[in-house]
1. Could you list, in sequence order, all residues of region 415-439 that are open to solvent by 40 Å² or more (accessible area, probe 1.4 Å), touching a residue at least 24 places away in the same chain (Cβ under 8 Å) and not in a loop (DSSP other than H, G, I, E, B)?
2. Can you find a residue in region 381-404 that is more than 27 Å from Leu294 (Cβ to Cβ) and part of a helix (DSSP H, G or I)?
3. In the list Arg318, Arg288, Arg336, which residue meets the criterion of being of a type in the set (Lys, Arg) and closer than 16 Å to Ile430 by Cβ?
4. How many of the residues in region 336-380 are over 30 Å from Asp303 (Cα atoms), in a helix (DSSP H, G or I) and acidic (Asp, Glu)?
5. Listed residues Thr392, Thr398, Thr334, Thr388; which is on the phi < 0 side of the Ramachandran plot, loosely packed, with under 13 Cβ neighbours inside 10 Å and not charged (D, E, K, R)?
6. Looking only at region 93-106, count every residue that is farther than 15 Å from Leu19 by Cβ, touching a Leu at 6+ places or on another chain (Cβ under 9 Å) and of a type outside the set (A, V, I, L, M) and tell me the total.
7. What pairs can you find where one residue is in region 95-109 and open to solvent by less than 20 Å² (accessible area, probe 1.4 Å), the other is of a type in the set (Lys, Arg), and their Cβ atoms are less than 7 Å apart, with a gap of 6+ or different chains?
8. For Thr374, are the conditions met, namely being polar (S, T, N, Q), open to solvent by 30 Å² or more (accessible area, probe 1.4 Å) and under 18 Å from Ala351 (Cβ atoms)?
Amino acid sequence: MPKPIVAIVGRPNVGKSTLVNRLAEAREAIVHESRGVTRDRSYHTTDWNGRSFVLVDTGGIESVKSTDIFAPHIREQAIAACDEADAIIFVVDGSVGVTDEDEEVARILRKGDKPVFLMVNKCDDPSSEDEKLWEFYSLGIGEPRPLSALHGHGTGDLLDDIVAVLPEDAVDDDLVEDLSVAIIGRPNVGKSSLTNRLLGANRSIVSDIAGTTRDAIDSFVDHNGTIIKLVDTAGIRKTNQVHEDVEYYSYVRGLMAMDKADVCLLVIDSSIGVTEQDQKLANMAVDRGCALVLLLNKWDLIDDAQKQEELKMSLAQRMAFAPWAPTLNISALTGRAVGKVFDACLAAAAAHSRVIKTSELNDFLAGLRESGHTVSDKGRRLKLMYATQTGTEPPVLTFFCNFPDLVDDNFERYLENRIRERFDLVGTPIRLRFRKKSE
């Protein structure tokens, strides 16, 4: 059975993400003074006295009259979190008092039968906390309790009480993924739509407004017995266009997701074409040693053969540094070719972790020497004597030679191309190392 789930809900800007970070003992949720920073629901595993459970951070629930275009979607995500939760933490702001939005959240929670803990946050001074509590009895949720998510006051008692109401028969084993996949791309290229299509559920908010996803959202899916963790990241803009603090944090979260990923799915908007930023994102993935699959999304909008050919040529030019990355023409909207995405991920991951026998590498070198192609300079002639694999994820191949300084970019590209012709390494970068070895 999966871990118990505890949802944290409330109106915007009451400190829900701060509480998540405090309880999870990590700085995973983005915290900012602006309203509406958290939009999708995000999951964070924590442990208290040997009991492990999952915290769900949700967006702030606003009034049904709110003019915020995202408000209905955020509300839907928060209600979904409550539906799947075993217990709920309702956070209110003790420095402000009861608001119409608090009453709206309370009305939603009173309809359910889950244990609800009403926590009055921002009670940073224990000597004056009682006077902040009395008016929150009017919400009809139960006894309000003081909390300071910022300083940790009240969190220990809260955790004790949460653990006491969680299902006893839940298994505490972690769900360990076999493969971690980060979905990356510029804003508004269809990453969240693709995530939802792959999961078969509305797991992430989808909108045609750039910048909808703020945090990196983790989801797990079982694909033919392989547990895949999908990370839907915020759209990554050019760094000189990242102005807001929140957007900068989202940018950093996206980079962290790439650092942890085995495979990066780079989503490209076919209707716009391959941009310089797409090229930079692919480079970032390669630099981090990730396997890479290119997804030309919105392919259904390109119905002209000439435009399709122009797009393929642009892709070849922009991604000339990674010709080994497979490309799929997909449509997250219609589902075209989306069923092939996981198989492409698994193939790229297999190449990413491949181990080539030393005997096979040296057989390859023997054939290469027979071709006679090498590098020479001022009477010195490069000779590759033997090779071995010294790393994986991505594969690292070390060549022992007489003059490593003779290896230039042209020869390294030539050698990589011959290696890829001989060994199945589609979808993964490889690293070539050259070390001095006397004859």
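The values are calculated or read from the model by the stated rules, or taken from the named source; none is laboratory data. All values derive from a computational prediction rather than experimental measurement. Here the Cβ positions follow ideal geometry from the backbone for every residue, glycine too, while neighbour counts run over all protein chains shown. Accessible surface is based on the protein model in full, side chains and every heavy atom, while ligands, DNA and RNA are left aside. Shrake-Rupley method; radii C 1.70, N 1.55, O 1.52, S 1.80 Å.
1. Of all residues in region 415-439, those open to solvent by 40 Å² or more (accessible area, probe 1.4 Å) come to 416-418, 420-422, 424, 426, 431, 433-439.
So of that shortlist, the ones also touching a residue at least 24 places away in the same chain (Cβ under 8 Å) come out as 418, 420, 422, 424, 426, 431, 433-439.
Result: Arg418, Arg420, Arg422, Arg431, Arg433, Phe434, Arg435, Lys436.
2. Filtering region 381-404 for residues more than 27 Å from Leu294 (Cβ to Cβ) gives 381-388, 390, 398-404.
Going one step further and asking which of them are part of a helix (DSSP H, G or I), we end up with 404.
Yes, region 381-404 has at least one match.
3. Working: Arg318 fails: closer than 16 Å to Ile430 by Cβ; Arg336 fails: closer than 16 Å to Ile430 by Cβ.
The unique qualifying residue is Arg288.
4. As a first pass, look at region 336-380 and keep what is over 30 Å from Asp303 (Cα atoms): 349-380.
Those still in the list that are in a helix (DSSP H, G or I) too: 349-352, 358-371.
Applying the additional criterion that residues be acidic (Asp, Glu) yields 360, 363, 370.
Total satisfying the criteria: 3.
5. Numbers: Thr392 fails: loosely packed, with under 13 Cβ neighbours inside 10 Å; Thr398 fails: loosely packed, with under 13 Cβ neighbours inside 10 Å; Thr388 fails: loosely packed, with under 13 Cβ neighbours inside 10 Å.
Matching residue, one of Thr392, Thr398, Thr334, Thr388: Thr334.
6. 2
7. Close Cβ pairs (under 7 Å, with a partner that is of a type in the set (Lys, Arg)) amount to Asp102/Arg11; Val105/Arg11.
8. Details: polar (S, T, N, Q): yes; open to solvent by 30 Å² or more (accessible area, probe 1.4 Å): yes; under 18 Å from Ala351 (Cβ atoms): no.
Against the criterion (polar (S, T, N, Q), open to solvent by 30 Å² or more (accessible area, probe 1.4 Å) and under 18 Å from Ala351 (Cβ atoms)), Thr374 does not qualify.
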